[in-house]
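Read through the structure below, which is laid out as C-alpha cells, and then see the notes.
The values are calculated or read from the model by the stated rules, or taken from the named source; none is laboratory data. If you're wondering where the values come from, they're calculated on a predicted model, not measured in any experiment. When we count neighbours, we look across all protein chains shown, and the Cβ atoms used for this are built from the backbone with ideal geometry, even at glycine. Calculation scope for accessible area: heavy atoms of the full protein, side chains included, ligands and nucleic acids excluded. Shrake-Rupley method; radii C 1.70, N 1.55, O 1.52, S 1.80 Å.
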Amino acid sequence: MGHDGKVDRTWLYLSRDDLLTERLQAEQEGIDLSPFVAEFDSLLSQEEPDQRRAEALLDAIQTEPIREGYPFVEPNDLQNIRDECAMPVPTSDLGPRTSGLDLDRLHGTWLGRCCGCMLGKVTEGWRRPTMEGFLKDTGQWPLRGYISKGPSEEIRTKHGVAGRRFWIDDHREMPEDDDLNYTVSGFEILRRYGRDFTPDQVAQFWMSDIPILHVCTAERVAYKNFVNGVLPPASASFRNPYREWIGAQIRADFWGYANPGEPWKAAEFAWRDASISHVKNGIYGEMWAAAMIAAAFTAESPQGAIEAGLACIPQKSRLADALRRVIAWHGEGIDASEAQRRIHTEWDETRSHDWCHTISNAMIVAIALLWGEGDFGRTLCLAVETCFDTDCNGATSGSVLGAMQGASKLPKQWTEPLHDTLETGVQGYHRVSIKGMAERTMELTRRES
C-alpha cells in the first residue's frame, strides 16, 4: 500500500504517460505507427486509458515489422548481436580472468560505484535549472564534492528541494539504492548459480529475493510478466513501454567485476541479465557498461575502456552511433560544457523517456569519462552536473575509474564519508562492508575461474 492507503500501481498499470512513452519508443525502434494514430489519440484523450484497449494496442505494435529504409540493425539474441559487433568474439579476451584480478582494483570498483551513486542520489530527478540554481545559491557550483543541504531551509524551499533526503550531511554510509541493489544481486546470482547462470535463473532470483516495489519501470513490468507466466525473453517486450530505458545498464557493473580484463565475457553475462527485461539498446547498454568496466581493469585510459565496451555491441545500433559521436566531440576539442549542452539539445530532460533512456545516459557517462581525464572527482561531478539519471551515471563512472585506479588511489574526500558501509534491499545483504564485498567478489571469482 502507498502512504495514502491505495495500492501502488505505478509501472504496473498503463497510464497516459506510458502510452506517450510507447509511441516514442516504437517510433525510435523504426516501427511505422500510422495505422495506430487514431487509437493512440483516442486513448490519450481519456484521463485513465481503458486497460484492455491499451494492452491490445501495445500487443498490436509488437507484431509490426521495422519500416523499410530504417538505418539501424538491432537484434536481441546473443548470436546475432555478436555477428553485428566490431570484431569476431575471441575464445579468450585479454588472458585468464585472474590476470586482471586485483583486490585493490576490485575494492576500487565497489567503492567508486558507491561514491558516484551517493553524489547523484540527492539530485535524482533534478532538471538543469534546479541543479545550477541550488548549487549556485549554496556556493557549490561548479560541483566539487558531495552535496550539502546548504545554509538554510529558505534556499531549499526556493528551489523545491526542501523535502529531499540523502544530503551528505545526514549520512555516514551508502544508503539503499537500486543501483547498488543490482550490484549485490549480481554477486548473489553468480554465487548461487555459477558462471553458467541463465536468464530464467535471474528471473527466479528477482522473485525470491527482491520485493517487486524495489524495482522500477522495465524491471517492474518484467517482474509482473514473470508472475503471470510470461518468461524470458518475452518478458522483456510484452506490454513494456520502458524496454530501452536505463534499468539494464545500471545492472551491468558486477558482470565487469566478475570478468576483469575480459570484456567479451562480461558482455555475455550482461546479455543474460538484460534480456529478461529489455530489448535492443536496453540490452546493449548493459553489455557496453559491463564490457567497459571489465576492460578498465587493464585499460590505459578511460577512452580505451569506452572503446572496448563499444566493440562488444552491434556497430549499426543507435547506441553505438551515439557513443561514436561523443568520442568525435571529444576529438573536436570542445569543452565539457559544450558537450553537456549538446546532450540537452538532443534529449529533452523534461520528458521521462529521454531522461531515463539508455542512450542519453550512456552518452553522459562517456562525456564524464572523456572530459574527466582520469580525475576521479571531476569525472563524478561531470556525470552528475549534466543531470538526467544522476545517481546511475555517477555510479557507472565511479566503477570505471575505481577499476582503473584502485581504492588506495581514490581521494579520501570521496571515500571516507561512506565509512565502508553499504545498505541494500537484497536479502542477506542489508548492511555490509564495501571492502568486504570486494573481498567476497575476489574469492568468488577465483573459485569460479
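Numbers at a glance
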{"read-out": "For residue 158, solvent-accessible area (1.4 Å; no DNA, RNA or ligand), Å²", "value": "140"}
{"read-out": "Percent RCO, i.e. relative contact order, over the chain, from Cα pairs under 8 Å lying at least 6 residues apart", "value": "26"}
{"read-out": "For residue 281, net neighbour charge (Lys/Arg +1, Asp/Glu -1) across residues whose Cβ lies under 13 Å away", "value": "-2"}
{"read-out": "The stretch 187-201 - phi-based ³J(HN,Hα) in whole Hz, Karplus 6.51/-1.76/1.60, Gly and Pro as x", "value": "4, 5, 4, 5, 5, 7, 10, x, 6, 9, 4, 10, x, 4, 5"}
{"read-out": "Label-point separation, residue 327 to residue 104 (7 Å along Cα→Cβ), nm", "value": "2.9"}
{"read-out": "Furthest towards positive pole of dipole, 217, 259, 327, structure part the stretch 200-347, Cβ charges", "value": "217"}
{"read-out": "Most mobile listed residue (255, 167, 271) in the chain, GNM with C-alpha springs under 10 Å", "value": "167"}
{"read-out": "Normalised contact order of the stretch 305-420, rounded percent, pairs of Cα under 8 Å and 6 or more residues apart", "value": "20"}
{"read-out": "Neighbour net charge for residue 33 - beta-carbon separation under 9 angstrom, K R +1, D E -1", "value": "-2"}
{"read-out": "Backbone HN-Hα couplings from phi across the stretch 237-246 [Karplus 6.51/-1.76/1.60, Hz, Gly and Pro as x]", "value": "10, 5, 6, 10, x, 9, 5, 10, 6, 6"}
{"read-out": "Cut-off 9 Å between beta-carbons: net charge of the residues surrounding residue 49, Lys and Arg +1, Asp and Glu -1", "value": "-2"}
{"read-out": "Between the stretch 394-449 and the stretch 242-308, the alpha-carbon center distance in angstrom", "value": "17"}
{"read-out": "Principal axis box of the chain, alpha-carbon based, largest edge first, Å", "value": "60, 59, 48"}
{"read-out": "Percent carbon-and-sulfur accessible area, the chain, ignoring ligands, DNA and RNA, probe 1.4 Å", "value": "49"}
